[in-house]
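Written out below as structure tokens is the structure these notes cover.
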Amino acid sequence: LVKEPSASDIFRIGLAYYNKEIATKDSTTFLKADSAFAIVTSKQPEYVLGHYYRAAANAGLDPETKLFLAKVHYEAVIAFGTLDIEKNKKYLAVAHYYLAYYYCQKKDKAMATEHLNKLLEYEPGNINAPNLKKNIDKLP
């Protein structure tokens, strides 16, 4: 009798694929990682790490950040991560950074500023924030 893998089992498989890509630079494993994390988030929609690593895998599939494949997944990190801010603060900071950058690229100064402020709320000393703020401040 074969037992169906749990969401935790599938999450570990996704992490293995994700970490393999980091180590080997074989980008096809980002697709496999994304597939695994997609199953995890469908089984456990409120599991922040599932969304976070799905976002990270999609960011890996879009290394030039041209397609913004990770956007929807970072939005899910924010949606579910805010249910327990203290536990998820570092994931929320990454998600808000990505979205601040996204809105900066889309020339939406208000939304970029909103996400930058949230980033700084969760991670006041973020080393990338000053440069991002300069770019946002240049927007009309």
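The values are calculated or read from the model by the stated rules, or taken from the named source; none is laboratory data. Since we're looking at a predicted model, the values are computed, not measured. Every residue, glycine as well, gets a Cβ built from its backbone with ideal geometry; the counts of neighbours run over all protein chains shown. Surface areas here come from the heavy atoms of the whole protein model, side chains and all, with no ligands, DNA or RNA. Shrake-Rupley method; radii C 1.70, N 1.55, O 1.52, S 1.80 Å.
The set of residues in the stretch 45-86 being outside any helix (DSSP H, G or I) and under 24 Å from K20 (Cα atoms) consists of Y47, D62, P63, E64, T65, K66, L67, F68, L69, A70. Of all residues in the stretch 52-75, how many are free of Cβ contacts under 8 Å to residues at least 12 places away in the same chain and basic (K, R)? Going through the stretch 52-75 one residue at a time, the tally reaches 1. Among the residues of the stretch 122-140, those identified as open to solvent by 60 Å² or more (accessible area, probe 1.4 Å) and touching a helix residue (DSSP H, G or I) at 6+ places or on another chain (Cβ under 8 Å) are E123, N128, K133, N135, P140.
Quick check on the stretch 6-19. Is at least one of its residues outside any helix (DSSP H, G or I) and either of a type outside the set (F, W, Y) or out of contact with any helix residue (DSSP H, G or I) (no Cβ under 9 Å at 6 or more places or on another chain) (or both)? Looking for residues that are outside any helix (DSSP H, G or I) and either of a type outside the set (F, W, Y) or out of contact with any helix residue (DSSP H, G or I) (no Cβ under 9 Å at 6 or more places or on another chain) (or both), one finds at least one in the stretch 6-19, hence yes.
Given the structure, is F11 surrounded by 22 or more Cβ atoms within 10 Å (Cβ to Cβ), modelled with pLDDT of 95 or more, more than 28 Å from E114 (Cα to Cα) and of a type outside the set (K, R)? It is true that F11 is surrounded by 22 or more Cβ atoms within 10 Å (Cβ to Cβ), modelled with pLDDT of 95 or more, more than 28 Å from E114 (Cα to Cα) and of a type outside the set (K, R). Flag: A100 does not match the condition of being open to solvent by 70 Å² or more (accessible area, probe 1.4 Å), assigned to a helix (DSSP H, G or I) and farther than 23 Å from L15 by Cα.
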